[in-house]
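Student: Below are the structure tokens for one structure; questions will follow.
The values are calculated or read from the model by the stated rules, or taken from the named source; none is laboratory data. Quantities reported herein were computed from a predicted structural model and do not represent experimental measurements. Ideal geometry is used to build each Cβ from the backbone, glycine not excepted, and the neighbour counts take in all protein chains shown.
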Amino acid sequence: MEINLPRITLGIMIVWMSKPKLFVKEGCPWCIDALAYFETKSLSLDIIDVRKEPSKMDDLLAVSGQSKTPTLQNGDFVVADFDIGEFEDAMSKNPEEAKKLGL
């Protein structure tokens with residue numbers, strides 16, 4: 001006896017999540033603090049030093065409208081020119097973004 005069962009096709013969608021970007025400048029004391037802070041949080045970042053890669057300054061300007069660092073970009077969410085207190089304040093005001101970052 002043959003049983004005809006309906007075929008079920010499962011679609012798998014692979015989404016490549018890009019790392020959050022942290023724009024820094026070598027020697028910037030706020031950048032040094034930010035790098036240490038994110039290291040303690042085990043946050044994996046794409047670190048972009050705009051002094052070592054001057055062509056990336058255009059990216060920083062495009063995402064934040066300014067040239068100061070540190071600046072964190074995660075998709076459309078940007079925290080520009082921050083110290084740790086300002087970053088934590090931004091996370092408390094944007095809990096969904098904090099969750100996306102794993103903070």
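Student: For residues that are assigned to a helix (DSSP H, G or I) and either surrounded by 14 or more Cβ atoms within 10 Å (Cβ to Cβ) or in contact (Cβ under 8 Å) with a residue 12 or more places away in the chain (or both), tally how many sit in segment 90-103.
Tutor: Of the residues in segment 90-103, 6 are assigned to a helix (DSSP H, G or I) and either surrounded by 14 or more Cβ atoms within 10 Å (Cβ to Cβ) or in contact (Cβ under 8 Å) with a residue 12 or more places away in the chain (or both).
Student: Still on this model: With respect to T9, determine if the residue is polar (S, T, N, Q) and modelled with pLDDT of 95 or more.
Tutor: So T9 does not fit the description; no.
Student: Something else about it: Collect the residues in segment 56-82 that are over 14 Å from L22 (Cβ atoms) and modelled with pLDDT of 95 or more, keeping them in residue-number order.
Tutor: M57, D58, L61, A62, G65, Q66, S67
Student: Restricted to segment 12-38, and to residues that are under 15 Å from the mean Cα position of the chain (by Cα) and modelled with pLDDT under 95, which residue is farthest from R51 (Cα to Cα)?
Tutor: Among those that are under 15 Å from the mean Cα position of the chain (by Cα) and modelled with pLDDT under 95, it is W16.
Student: What residue, among those in segment 44-82 that are polar (S, T, N, Q) and surrounded by 14 or more Cβ atoms within 10 Å (Cβ to Cβ), is farthest from K100 (Cα to Cα)?
Tutor: The residue in question is S67.
Student: Given (1) of a type outside the set (A, V, I, L, M, F, W, C); (2) surrounded by 15 or more Cβ atoms within 10 Å (Cβ to Cβ); (3) touching a residue at least 40 places away in the same chain (Cβ under 8 Å), identify the lone condition not met by K41.
Tutor: With respect to (1) of a type outside the set (A, V, I, L, M, F, W, C); (2) surrounded by 15 or more Cβ atoms within 10 Å (Cβ to Cβ); (3) touching a residue at least 40 places away in the same chain (Cβ under 8 Å), K41 is out only on (2).
Student: I need every pair where a residue in segment 65-83 that is closer than 16 Å to K25 by Cα has its Cβ under 8 Å from the Cβ of a residue that is of a type in the set (V, I, T) and not in a strand (DSSP E or B), sequence separation at least 6 or different chains.
Tutor: Qualifying pairs under 8 Å: S67/V50; T69/V50; T71/V63; Q73/V63; D81/T69.
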